[in-house]
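Everything below concerns the one structure shown next.
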Amino acid sequence: MTLLEARHVTKRFGGLTAVSRMDFVLDEGQIVSIIGPNGAGKTTFFNSLTGIYRPEEGAIHFGGKSLVGLRSDQIAALGISRTFQNIRLFGSMTVIENILVGMHTRLRQGMMQALSRSRAFHEEETQAKAQARRLMDFVGLSGVGDELAHNLPYGLQRRVEVARALAAQPRLLLLDEPTAGMNPNETDEAVGLFRRVRDELGVTLLLIEHDMRVVMGISERITVMDYGEVIAEGVPAEIRTNPRVVEAYLGRGIAEQAA
């Protein structure tokens, strides 16, 4: 079943067209990667999907509902969560507090209930903390809930980001360069986690990733962007040997020599 569909999406910044008439379809239950050289428009496309940018042209539908013009929190409430290329944790908050932040679109109790410390507020708070601990266990953060986020090693901070994104109970998780800066062992563990997110939680995954070992190993389908446009789509074996993809990454001269 089609979960996400983008048609002719275009985003401009002044005279620069960062994304040009992009078509993209994602089926529920897939793990798909978007790749391309730096400046290809990948993160701009993610930002257009999540309400950070509003495209000048085109349509974006998620679960049959239009996303264009919605705020980021409204899109999150519909079932799209994301991580960012640069870690964006609240460093002076604990791990469990960071994860609880991700639940804000799912909590029912408002400010008045919190101020009055009502019974309903306490019950919801207890349930939220229990769910946060389950997510910590799931991503491999057992026992560090009371640690300040900025005290954790880099690889564990990335896991906190994933747990916080999952706290919103998404149907679709967008991961922007999730293994950037990781060592090979951390990368392998992250790939295993991403597969479990799809297989055990039923969450569809869309990645931006530069590590080709990760891309080719985890992706069921790959979309390649260059200068804001889609230049190739297909399964990993097709993308690996596509001449336009080789040229985009290596440059025309080197690509011709390699051929």
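The values are calculated or read from the model by the stated rules, or taken from the named source; none is laboratory data. No experiment lies behind these values; they were computed from the predicted model shown. Heads up, the Cβs are rebuilt from the backbone with ideal geometry, glycines too, and the neighbour counts pull from every protein chain shown.
One residue is enough: does segment 50-64 have a residue meeting the conditions at pLDDT below 95, crowded, with 19+ Cβ neighbours inside 10 Å and within 30 Å of residue 212 (Cα to Cα)? Within segment 50-64 (the criterion being at pLDDT below 95, crowded, with 19+ Cβ neighbours inside 10 Å and within 30 Å of residue 212 (Cα to Cα)), the answer is no, since none of the residues qualifies.
If the condition is being crowded, with 16+ Cβ neighbours inside 10 Å and part of a loop (DSSP other than H, G, I, E, B), then segment 141-165 contributes 141, 144, 145, 152. The set of residues in segment 22-70 that are of a type in the set (A, V, I, L, M, F, W, C) and assigned to a strand (DSSP E or B) comprises 22, 24, 25, 26, 31, 32, 34, 35, 59, 60, 62. On inspection, residue 244 qualifies as farther than 26 Å from residue 190 by Cα and either assigned to a strand (DSSP E or B) or assigned by TED's automatic domain parsing to the domain that holds residue 178 (or both).
Picking from residues in segment 88-99 that are crowded, with 17+ Cβ neighbours inside 10 Å and within 18 Å of the chain's Cα centre (by Cα), the one that is farthest from residue 143 (Cα to Cα) is 89. Inside segment 201-229, can you point out the residues that are surrounded by 22 or more Cβ atoms within 10 Å (Cβ to Cβ), outside any loop (DSSP other than H, G, I, E, B), touching a Gly at 6+ places or on another chain (Cβ under 7 Å) and not aliphatic (A, V, I, L, M)? Scanning segment 201-229 gives a single hit, 204. Checking 180, 168, 232 one by one, the residue that is among the small types (Gly, Ala, Ser), in contact with a strand residue (DSSP E or B) (Cβ under 8 Å, 6 or more places away or on another chain) and in a loop (DSSP other than H, G, I, E, B) is 168 and no other. Would you please name the residue that is nearest to residue 5 (Cα to Cα), looking only at residues in segment 45-82 that are in contact with a strand residue (DSSP E or B) (Cβ under 9 Å, 6 or more places away or on another chain) and among the basic types (Lys, Arg)? Ranking the candidates gives 54 first.
Inside segment 87-113, residues that are assigned to a helix (DSSP H, G or I) and either at pLDDT 75 or above or basic (Lys, Arg) (or both) make up a count of 7.
Total residues in segment 124-148 satisfying the condition of being touching a residue at least 24 places away in the same chain (Cβ under 8 Å) and more than 20 Å from the chain's Cα centre (by Cα): the figure is 9.
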